[in-house]
Amino acid sequence: GEIAGFELLVRLRNAAGDVVAPDKFLGACAQYGLTPALDRWVLLAAVEALRPHAQSLSSAPLFFAINVSEQSLQSRRYAAFALESLASAGLPPSLFCFELKEPAAIAHLAAADALVRDLTKAGARVALDNFGSGLSSLASLKQLPVRYLKIDGAVVRRLGADRIADSIVSGIARAARTLGVATIAEHVETAAVAERLHDFDVTLGQGFHFGRPQPFVEIVRQLALSPPAAEAKTRA
């Protein structure tokens, strides 16, 4: 179980220095049309942190996953911004995985298709997030050449205790293999759930069972001290 990648998640500190959970501020960002600016800030912060290590990371098997909001998807300008930012820092697009939430991608299929194709053509990875949380359309997925399907954590948590959850996850894993897409299970919090995912041949897992959140600067420091040299996969 080696590390395959890291997902970058944003947090906010209030005036007192306390960390504010994302559900407390992301809704306000969406309401006032600020999520595209937040998306760009997160990407630029990641780029600036990784820029000094561009050479050592250029051939790394790791990837850094960044979420793309529905508003950025609709703007149709995010892909160009992201690729220009990576190019200016000398970072290969293959080092990044851009995550789109499934409901937003299906609701804006043409915009999602354009974004996915622009990013994948440049060598970046793309994941469809929260898969299985709603009425998924596997037929629509044929139009989106994504690299990963991220199985919704609300379903993953119920594995082993809910036969319907088992059926959903095993079905998504089989469909993904048919489409030639890897799967990532979210919110893997116990060894029992990880073993269940292994039985279903889910490709990767993320959650507290594999590792706790850390400040990104600490992750970068660790990578700078011991850059990855071999292909890494965290098997569920």
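Results for (1) out of contact with any Ser or Thr (no Cβ under 6 Å at 6 or more places or on another chain); (2) open to solvent by less than 80 Å² (accessible area, probe 1.4 Å); (3) modelled with pLDDT of 95 or more, shown as yes or no for each residue.
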| position | (1), (2), (3) |
| --- | --- |
| Gly1 | no, no, no |
| Gly5 | yes, yes, no |
| Pro22 | yes, yes, no |
| Leu26 | yes, yes, no |
| Arg51 | yes, no, no |
| Ala54 | yes, yes, no |
| Leu57 | yes, yes, no |
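Might you let me know whether the range 157-167 holds any residue that is under 27 Å from Val42 (Cβ atoms) and under 16 Å from the mean Cα position of the chain (by Cα)? Scanning the range 157-167 turns up no residue that is under 27 Å from Val42 (Cβ atoms) and under 16 Å from the mean Cα position of the chain (by Cα). Kindly indicate whether Lys142 is charged (D, E, K, R), over 17 Å from Gly5 (Cβ atoms) and modelled with pLDDT under 95. So Lys142 fits the description; yes. Return yes or no: is Pro36 assigned to a loop (DSSP other than H, G, I, E, B) and open to solvent by less than 80 Å² (accessible area, probe 1.4 Å)? Criteria not met by Pro36. Of all residues in the range 39-49, those that are within 24 Å of Arg212 (Cα to Cα) and open to solvent by 70 Å² or more (accessible area, probe 1.4 Å) total 3. For the range 203-223, the set of residues classified as part of a helix (DSSP H, G or I), in contact (Cβ under 8 Å) with a residue 12 or more places away in the chain and open to solvent by 60 Å² or more (accessible area, probe 1.4 Å) consists of Val217 only.
The values are calculated or read from the model by the stated rules, or taken from the named source; none is laboratory data. A quick note: this is a predicted structure, and the numbers were derived from the prediction, not measured. Positions of Cβ are backbone-derived with ideal geometry, glycine not excepted, and every protein chain shown enters the neighbour counts. Side chains are part of the model used for accessible areas, which takes the heavy atoms of the whole protein and leaves out ligands, DNA and RNA. Shrake-Rupley method; radii C 1.70, N 1.55, O 1.52, S 1.80 Å.
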